[in-house]
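Engineer: The structure's right below; bear with me while I get my questions together.
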Amino acid sequence: MTLALDPNRAATQLTEWFAGLREQLDRTVFAVGSDEAHRKAAALTSVSRHVASFEAASGEPGPEIREAAWVLAGATRALGLAAPNRAQWLAAAQNVASLDAQVHSLDVSPWIAQDAAAIFRDHFVEALRQAGVARVPTILDATNRRTALGLAVNWGMRYLIAVAASSGPDFDDPAAGEVIAAVK
């Protein structure tokens with residue numbers, strides 16, 4: 001079954017939703033530090049904590065969606081990036097739709113996950129591990145860890161879209177419900 005995803009609508013909705021999430025977290029969780037360096041450190045600490053929760057929630061779409069959103073918000077803040085704009089969300093949504101169509105056009109293969117969300121999740125997790133925020137060792141230096149964290153944002157946006165598009169509307173998790181509503 002291919003994803004029911006309108007990339008244009010999803011991009012518009014996700015831009016507004018994520019900007020609101022980032023603003024809320026910037027005013028509260030990430031604002032605990034008295035200066036910019038401490039606020040970035042708070043965001044990076046939040047990323048590490050939520051990566052652990054994300055990995056612990058493996059296979060549970062609701063908690064995974066919520067934790068992935070936290071990771072994206074913290075990572076963009078730690079990197080000093082603005083919230084992704086509509087063009088970035090649109091590119092991510094188009095990439096998800098394209099990969100989903102490619103995966104579903106293949107015959108069943110033991111080599112390829114039969115789900116775009118699983119493919120993006122694997123890339124997201126690996127980038128987080130290489131960034132040094134997943135509580136596993138990394139051999140990358142500080143510059144390359146920062147690059148890996150940027151790649152995690154890229155993969156995480158795509159994962160968030162794919163998992164939300166493939167999830168049903170009934171979730172007990174209101175945070176996950178917000179993301180699903182933005183995508184569908």
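Every read-out reported here was derived from the displayed coordinates using simple, explicitly stated rules and does not represent laboratory data. Everything quoted here is computed from the prediction, not taken from an experiment. As a convention, Cβ positions derive from the backbone with ideal geometry for all residues, glycine included, and neighbour counts pool all protein chains shown.
Engineer: Before anything else, pin down the relative contact order of the stretch 7-183: Cα pairs under 8 Å, at least 6 apart, normalised by residue count, whole percent.
Structural biologist: Rounded, it is 28 percent for the stretch 7-183.
Engineer: Now for a different question. What residues qualify as long-range amide H neighbours of S167, i.e. H under 5 Å apart, gap of 5 or more or another chain, H built at 1.01 Å from N?
Structural biologist: none
Engineer: Still on this model: Most exposed first by the Cβ proxy, i.e. fewest other Cβ within 10 Å, how do L106, L44 rank?
Structural biologist: By the 10 Å Cβ count, ascending, the order reads L106, L44.
Engineer: Could I ask something else about it? Kindly provide the helix-only [θ] at 222 nm of the chain, computed as the sum of -39,500 (n - 2.57) over DSSP H runs of four or more divided by all residues, to the nearest 500 deg cm²/dmol?
Structural biologist: When only DSSP H runs of four or more count, the value is -24000 deg cm²/dmol.
Engineer: Given the options S166, S53, S105, which has the most mean-square fluctuation in a GNM of the chain, springs set between C-alpha atoms less than 10 angstrom apart?
Structural biologist: S105
Engineer: While we're on this one: What is the distance in Å between the Cα centroid of the stretch 2-45 and that of the stretch 110-151?
Structural biologist: So the two Cα centres are separated by 19 Å.
Engineer: Multiply the residue gap between E55 and E23 by 0.36 nm, knock off their C-alpha separation, and tell me the result in nm, one decimal place.
Structural biologist: My answer for the length gained is 9.0 nm.
Engineer: Placing +1 on the Cβ of each Lys and Arg and -1 on the Cβ of each Asp and Glu in the stretch 59-115, which of A92, L72, A82 has its Cα farthest towards the positive end of the resulting dipole?
Structural biologist: Going by the Cα projections, it comes out as A82.
Engineer: Compute the normalised compactness of the chain: alpha-carbon radius of gyration over 2.2 N^0.38 Å, N being the residue count.
Structural biologist: Normalised Cα radius of gyration, the chain: 0.99.
Engineer: Next up: Go through S105, G150, A182 and say which Cα lies farthest out towards the positive end of the charge dipole of the chain; charges sit on Cβ, +1 for Lys and Arg, -1 for Asp and Glu.
Structural biologist: Of the listed residues, the answer is G150.
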